[in-house]
Amino acid sequence: MTITGASLLTTLGKTLLDENAEIWTSSTKVDFINEALLAVALVRPDAVATSVLLALVANTPRQSIPAGGYRLLNVLMNKAGVPIKKTTREALNDTVPSWTVTESDVIENFAFDEENPTEFWVQPVPESALEILITYAAEPTVFVAGASSIGISDVYIPAVKHFVLSKCYGMQTRGADYQKSSQHMTDFYKVLGLKFQSDTVLNAVQEE
C-alpha cells in the first residue's frame, strides 16, 4: 500500500503527540520530509535509481547524465544490447592510448569520473548520438502535503519518519527533546543499515 503525504503527516502528528499541529506546523514537517528524502538519496543512491536510454554527445569521450540526476550508478549496454564493460581512465590510457580520439558506432567501455559524479567517459568515442542504457541517481521529487506518495519506495518510510522526528525534537520549541532527537537520528542510519559513509554505499553499488 502506497503511503500518501496526508497519511504520513497524520502519523507524524500522532507520534509527536501534536495531531493539531500546534507545535510543529504541517509546513515545518513537509520541509523536514524533503530534507529526509535528500538525506536518504545521499546515503542510499539506489533509493532514487532510474534507468534510461541516453543519447550520447557525438565526437567526445566525456558524457553527462540527464539533468536532475546527481550521480551515475552504472552503464549497462548499447541500445542494440551489446554490453558495456566498466574500466578506468588509467587502464584505457595504458591499453588504448588513442581511446579519446578513436570513434565507433558501438561503445565498448565506460569509466566513472571520480571528480564529477554527473559525468563519465566512454570508449570508443561515439561517432554519432548513439543511445546507451544507463542507471543514475535522480534528485528526489519535491514532497508536498497532498502528494499521492513520498516519491521513493515505501520501504524508506521508517527512515524518513526517524529523520523528521529527529529534526522536530531538535527544534527550540516547547516540544523539544534533544535526547529523542539524537536517538531518532541514530535510528535513521540504523534503518538504512548504515555504519559507513555514503561513498562506501556508492562504491558497493558501482561494483555490482
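Suppose the filter is touching a Ser or Thr at 6+ places or on another chain (Cβ under 9 Å), at pLDDT 95 or above and assigned by TED's automatic domain parsing to the domain that holds PRO117; does ILE84 pass it?
The answer is no for ILE84.
Of all residues in the stretch 104-117, those satisfying the criterion of being surrounded by 13 or more Cβ atoms within 10 Å (Cβ to Cβ) and either of a type outside the set (A, V, I, L, M, F, W, C) or part of a strand (DSSP E or B) (or both) are SER104, GLU108, ASN109, PHE110, ALA111, PHE112, ASP113, PRO117. Between LEU42, LEU53, LEU38, which is touching a residue at least 24 places away in the same chain (Cβ under 8 Å), closer than 28 Å to ILE134 by Cα and either among the aromatic types (Phe, Trp, Tyr) or in contact with a strand residue (DSSP E or B) (Cβ under 8 Å, 6 or more places away or on another chain) (or both)? Sole residue among the options that is touching a residue at least 24 places away in the same chain (Cβ under 8 Å), closer than 28 Å to ILE134 by Cα and either among the aromatic types (Phe, Trp, Tyr) or in contact with a strand residue (DSSP E or B) (Cβ under 8 Å, 6 or more places away or on another chain) (or both): LEU53.
Do we have any residue at all in the stretch 43-65 that's closer than 30 Å to TYR169 by Cα and surrounded by fewer than 17 Cβ atoms within 10 Å (Cβ to Cβ)? The answer is yes, given that some residue of the stretch 43-65 is closer than 30 Å to TYR169 by Cα and surrounded by fewer than 17 Cβ atoms within 10 Å (Cβ to Cβ). With respect to (1) loosely packed, with under 15 Cβ neighbours inside 10 Å; (2) under 23 Å from the mean Cα position of the chain (by Cα); (3) part of a helix (DSSP H, G or I), the lone exception for LYS29 is condition (1). Going residue by residue through the stretch 80-94, is there one that turns out to be under 19 Å from ALA137 (Cβ atoms) and either touching a residue at least 40 places away in the same chain (Cβ under 8 Å) or among the basic types (Lys, Arg) (or both)? The answer is yes, given that some residue of the stretch 80-94 is under 19 Å from ALA137 (Cβ atoms) and either touching a residue at least 40 places away in the same chain (Cβ under 8 Å) or among the basic types (Lys, Arg) (or both).
The values are calculated or read from the model by the stated rules, or taken from the named source; none is laboratory data. All figures in this text were calculated on a predicted structure; none of them were measured in a lab. All Cβ positions, even for glycine, are placed from backbone atoms using ideal geometry, and neighbour counts span all protein chains on display.
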